[in-house]
1. Per residue, what accessible area does the chain have, given a 1.4 Å probe and all protein chains present, in Å²?
2. What residues have an amide H closer than 5 Å to that of Y26, excluding those fewer than 5 places away on the same chain, when H is modeled at 1.01 Å from N in the peptide plane?
3. Using the alpha-carbon atoms, what tilt in degrees (0 to 90, nearest 10) does helix 220-233 show relative to the longest principal axis of the chain?
4. For Cα extents along the principal axes in Å, pick the label among (i) 59, 53, 40; (ii) 67, 38, 38; (iii) 90, 51, 39 that corresponds to the value derived from the coordinates.
5. Working from Cα positions, state the angle (0 to 90°, nearest 10) between the long axis of helix 162-172 and the longest principal axis of the chain.
6. Just read off the accessible area of I290 with the full protein assembly in place, 1.4 Å probe, to the nearest 10 Å².
7. Can you compute the charge dipole magnitude of the chain about its Cα centre, using +1 on each Lys and Arg Cβ and -1 on each Asp and Glu Cβ, nothing else charged? Give it in debye, rounded to the nearest 20.
8. Of all DSSP beta bridges located in the stretch 73-199, what percent are antiparallel, nearest 5?
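The values are calculated or read from the model by the stated rules, or taken from the named source; none is laboratory data. Owing to the predicted nature of the structure, the values given are computational and were not obtained by experimental measurement. Backbone-built Cβ (ideal geometry, glycine too); neighbour counts: all protein chains shown. Please note that ligands, DNA and RNA were not included when accessible areas were found on the heavy atoms of the full protein model with its side chains. Shrake-Rupley method; radii C 1.70, N 1.55, O 1.52, S 1.80 Å.
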Amino acid sequence: MIWLIGNKGMLGNDVEKLLKERGLIYWASDKEVDISDYKALEKFGKNKKIKWVINCAGYTKVDKAEEEIDEALRINKDGVRNIALFSAKSQIKLIHISTDYVFDGRQEKGGDAVAYREDDKTNPINIYGKSKLAGEKEIKNILEEHFIIRTAWLYGLKGNNFVYTILRLFKERDVLKVVEDQWGSPTYTMDSVEAILKIIEDDSVSYGIYHFTNEGVTSWYEFAKAIYKKAKRLGLIEGNKKVLIKSIKTEDYPTAAARPKYSVLSKEKIKKEYHLKIRNWEEPLEDFLISWRENRKGIESGVEK
């Protein structure tokens, strides 16, 4: 039996979708079970014979976290501690989702930026990253049988993400300025879900931290250009409208929270352990845009896909 926590979020929504498709038996909860209240977790989980917990719940408003420090810590640290305590008490295997933002983005070797491995030094540079790292530490202190999966630049059909923002701005503007000096690996939620469920389906005991993103490295600027090119070809940009995408530096687009300049994650460990073939980021981006187009048509016709 699986308990999916945070099933209404972007990643959790797709985890639930695949759980249903695979015919796996599960329970799901979102904000109706407050993870910062241990008794609420215990009440929900009582007598459910849970073997696995997948925790997709999290405070993810990166800029807002700079103001809402207590709220970010309540969910990303205290809530995670409670889930770990519940899992330890009930002898449950925990899969917890974390982030590339636990790193500072300044790792170099021989003057070149290099992908972060699971055991590289963490050093978050914003409140969101600090709160997520605090959650990781709570798990490691409490629960031996755990999996922490760090991912990055995540987008999916549900919720807010960079791809949706860019698609909206294509409608609203003729010129778009996008940061060119932050580098990472865009990651489709459905690909992440496949990796999560592989751990469960293998009934894995290879506990620890793993990194998962799609393959390849790009900048937000190049990512936006790829979205435009594919969206144009798929008929997602109305008529003959053209949008000029210009590159800018990080300092030209100030945000409340600092972002890592280079947060590429090495996937060698997860590929070796679970024999995964991970797609380059451009292929799943096309899958996502096609799914979004079909979903949008369904909504317009009154039948959501």
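1. 49
2. Answer set, sorted by chain and number: I2.
3. 70
4. (i)
5. 30
6. Accessible surface of I290 is approximately 60 Å².
7. On the way: 54 positive and 49 negative charges, 109 e Å.
Dipole size: approximately 520 debye.
8. In the stretch 73-199, approximately 20 percent of DSSP beta bridges are antiparallel ones.
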